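Before any comments, here is the structure.
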Amino acid sequence: MKAAGLDFRVIEHAPVRSLEEAAAARGVAIPDVVKTIVVRRGDDDFLFVLVPGDRVISWPKLRALLGVSRLSMPDATTALEATGYERGTITPFGSRHEWPVIADERLAGREVTLGSGAHNVAMAVSATAAFEALKATMADISDPG
């Protein structure tokens, strides 16, 4: 995030076991805890999908947006190889590869918390500024969780 010139806050917290615990530890509402999900389109073809904490990926909406009939989530080892980050720490910032980013449009205009690449550390940032820096596609790609 620093390399992207973004203003952000580092939030260090104790280990958490749920989204609710993560929101409480970060001092934010559940929708402001962004879930960063690695999605596979094909062999060595991934993207980051960002959704609010209280929502889930809508696979039909995401497939329609991307114009594909099949998407999948890689296992933890493959996600680590594709991004350089372990599950629970994944962020599109500083990833091993600059995979495309698709963010749910409900995040725009909010201050959100994203993974930092390290366990028990999050980054609070303006979603709009972050998504602009990432050249993210903003779209309706989620359903209520």
**Report entry** Residue among Ile11, Leu66, Pro92 farthest towards the positive dipole end of segment 8-144, charges placed on Cβ
**Finding:** Leu66
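For Ser72, Ser126, Ser116, what ranking results if the residue with the fewest other Cβ atoms within 10 Å of its Cβ goes first? Present the calculation step by step, with values, prior to reporting the outcome.
Working: Ser72 11, Ser126 17, Ser116 21.
Ascending number of Cβ neighbours within 10 Å: Ser72, Ser126, Ser116.
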Report summary line: Diffing segment 98-114: the Karplus 3J(HN,Hα) column from phi (6.51, -1.76, 1.60, θ = phi - 60°), in whole Hz with x for Gly and Pro, holds 8, 6, x, 10, 10, 10, 5, 4, 5, 7, 4, x, 10, 8, 10, 10, 10
Report task. Starting at the first residue of segment 28-41, write each ³J(HN,Hα) from the Karplus equation 6.51 cos²θ - 1.76 cosθ + 1.60 with θ = phi - 60°, in whole Hz, x for Gly and Pro. Result -> 10, 6, 3, x, 8, 8, 7, 8, 9, 10, 8, 10, 9, 9
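Computed from the mean reciprocal separation of all distinct C-alpha pairs, what Kirkwood hydrodynamic radius does segment 8-144 have, in Å? Write down the numbers at each step before the final one.
On the way: mean 1/r = 0.0672 Å⁻¹.
Hydrodynamic radius (Kirkwood, Cα pairs) of segment 8-144 is 14.9 Å.
Over all directions, average the projected area of the Cα convex hull of segment 27-89 and note it in nm². Numbers along the way, then the final one.
Numbers: hull surface 18.6 nm².
Result: 4.6 nm².
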**Report entry** Leading residue at positive end of dipole, the chain (Cβ point charges), from Thr36, Ala76, Ile141
**Finding:** Ile141
Report summary line: Rounded to whole angstrom, the alpha-carbon centroid of segment 96-123 lies from that of segment 23-64 at a distance of 9 Å
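A short reminder: the numbers here are calculations on the coordinates, not readings from a lab. Quantities reported herein were computed from a predicted structural model and do not represent experimental measurements. Ideal geometry is used to build each Cβ from the backbone, glycine not excepted, and the neighbour counts take in all protein chains shown.
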